[in-house]
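Quick note: the coordinates plus some simple rules give every number you see, no bench work behind them. Being a predicted model, the structure only gives us computed values, none of them experimental.
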């Protein structure tokens, strides 16, 4: 019989600080670079996380372009 599955930990923000799209993009890029470096040294990147963060970064870049065009 398999062990019962534990649900994922729920994280809830207690506060937030607004940042610009540009700063969010920089933070995501820095995190992605660091995450990929750590993942490669531990046997391979977690592609699901990397792909989702890359999509977020691309969406932020596109949003920034649209705001500039207006």
| note | Nearest 10, in degrees from 0 to 90: the angle of helix 21-41 to the longest Cα principal axis of the chain is 30 degrees
| Can you give the angle from 0 to 90° between the axis of helix 47-69 and the longest principal axis of the chain, with both taken from C-alpha atoms, to the nearest 10? | 10 degrees
| field | Relative contact order of the chain, defined on C-alpha pairs under 8 angstrom at six or more residues apart (%) | value | 40 percent
| field | Rg and Dmax of segment 21-69, Cα atoms only, in Å | value | 12.4, 43
| message | Test of understanding: what is the full-extension gain from residue 61 to residue 19, defined as 0.36 nm times their sequence separation minus their Cα-Cα distance? | response | 13.7 nm
